[in-house]
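The values are calculated or read from the model by the stated rules, or taken from the named source; none is laboratory data. Remember, predicted model here, so these are calculated numbers, not experimental data. No Cβ is skipped: glycine too gets one built from the backbone with ideal geometry, and neighbour counts run over all protein chains shown.
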Amino acid sequence: MILFAIAWAVCLRAGSEWLGFIKEVGAFLAGVSLASTDYRDAIGARLTSLRDFPLLFFFIDLGVRLEWTMVGSQVGEAGLFAVFVLVGNSLIVLAIMGFMGYRRRICAGGEPGRAGALRARA
């Protein structure tokens, strides 16, 4: 079953490349076609380790391509972006929770322990 799923993905990938599309289109179509079968849960459970393995190579390649001479010049921008994401995320969560009817005291963490659970749910 797993061998068939991999072979099907490779065939659709090659077919899409032969038709002039990018490889990812064929892989996407293979995933969609396999997801519509009764065996999707079994295939997904067995392919988890194979799915996570290429992530290792992605991050290795990302680290190899990183130009360390430019890292020092981008620390300020990265810090500003990190602050923007942290503050923006908090404001978005506060707005969503306020829209859902939670009081501002709960949204901002007025009750210890409860605000974290509410925020994790949002």
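Taking the stretch 1-26 as the region of interest, how many residues are among the small types (Gly, Ala, Ser) and modelled with pLDDT under 85? First the steps, then the outcome.
At the first step, the residues of the stretch 1-26 found to be among the small types (Gly, Ala, Ser) are 5, 7, 9, 14-16, 20, 26.
Add one more test, that the residue is modelled with pLDDT under 85, and what stays is none.
The total comes to 0.
Tell me which of these Leu62 doesn't satisfy, since it passes every other one: (1) surrounded by 12 or more Cβ atoms within 10 Å (Cβ to Cβ); (2) part of a helix (DSSP H, G or I).
(1)
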